[in-house]
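The values are calculated or read from the model by the stated rules, or taken from the named source; none is laboratory data. Because the structure is predicted, anything quoted here is derived from the model rather than measured. Here the Cβ positions follow ideal geometry from the backbone for every residue, glycine too, while neighbour counts run over all protein chains shown.
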Amino acid sequence: MALASKRSVMTLYSSSDIDSHRTRIVLAEKGILVDVIEVDRHDDLSNFHEINPYGTTPTLVDRDLKLYKSRIIMEYLDERFPHPPLLPVYPIARAESRLQMYRVEQDWHELIKKIQTNQSPQEIEAARLALVESFMKIMPVFSSYDYFMHDDFSMIDCCIAPILWRLPKLGVQLPASAKSLLNYAERLFERDSFQASLTETEREFRSND
């Protein structure tokens, strides 16, 4: 990680999926020194299953601690390395942020899975249109603040950034009327932490931009 400055013995098993990407953004935002090991589904994963019985990425190893599921890892990192904070301090605001992250996963991640795994061109296109429609419904949010419902970069932005970065690869094109969302996306992509989080594979998602 290019921005690493805080000493650590952490290892992150990662791939070029959304969950791994958003975890890498948190690590870069915090400036945590971490060894990133790319896991490919074609690799022999027998040793990896000793670390994570589910064989999923991301997986974080911090000394004797082994964590999987990106949300668990991200919140652990925010608590262990509290500066800069990515979740609110107060319980109500923190709960609201967690709810928003859950909605990102339930609403947008599920549509992306349909685009990536569906065999029917009609259903793929329907999922693309539903994703754009979902973005357009909350368009005022992106024009009211620099970041998602906040003036400061937060954990929610870490969750949204990988989705927006992948839109061209998913065949999703935002209309010109989504200017505030496009501007928001550019603010995310220009952050040093986001650029440091990208794998070579992920950079190729927008190689023609």
Any helices (runs of 4 or more DSSP H) falling wholly within the stretch 57-153 and containing at least 2 residues that are more than 22 Å from residue 28 (Cα to Cα) and among the hydroxyl-bearing types (Ser, Thr, Tyr): 139-144
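Within the stretch 154-199, how many residues are of a type in the set (Lys, Arg) and closer than 17 Å to residue 19 by Cβ? Full working, then the answer.
Of the stretch 154-199, the ones of a type in the set (Lys, Arg) are 166, 169, 179, 187, 191.
From what is left, the residues that are closer than 17 Å to residue 19 by Cβ are 166, 169.
Here the count works out to 2.
Based on this model, can you work out whether residue 54 counts as touching a Phe, Trp or Tyr at 6+ places or on another chain (Cβ under 8 Å) and modelled with pLDDT under 95?
Working: touching a Phe, Trp or Tyr at 6+ places or on another chain (Cβ under 8 Å): yes; modelled with pLDDT under 95: yes.
Yes; evaluated as a whole, the condition is true for this residue.
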Answer from 92, 115, 124 - the residue that is at pLDDT 95 or above and surrounded by fewer than 12 Cβ atoms within 10 Å (Cβ to Cβ): 92
Residue selected from the stretch 63-86 under the condition charged (D, E, K, R) and farther than 21 Å from residue 158 by Cα, by the criterion surrounded by the most Cβ atoms within 10 Å (Cβ to Cβ): 66
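Here is a yes/no grid of residues against (1) within 26 Å of residue 70 (Cα to Cα); (2) in contact (Cβ under 8 Å) with a residue 24 or more places away in the chain; (3) loosely packed, with under 15 Cβ neighbours inside 10 Å:
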| residue | (1), (2), (3) |
| --- | --- |
| 134 | yes, yes, yes |
| 138 | yes, no, yes |
| 142 | yes, yes, no |
| 147 | yes, yes, no |
| 154 | yes, yes, no |
| 159 | yes, yes, no |
| 166 | yes, yes, no |
| 171 | yes, yes, yes |
| 175 | no, yes, yes |
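Report yes if residue 186 is exposed (fewer than 15 other Cβ atoms within 10 Å of the Cβ), at pLDDT below 95, under 16 Å from the mean Cα position of the chain (by Cα) and not in a loop (DSSP other than H, G, I, E, B), otherwise no. Walk me through how you get there before you give the answer.
Details: exposed (fewer than 15 other Cβ atoms within 10 Å of the Cβ): yes; at pLDDT below 95: no; under 16 Å from the mean Cα position of the chain (by Cα): yes; not in a loop (DSSP other than H, G, I, E, B): yes.
When the stated conditions are applied, residue 186 does not pass them.
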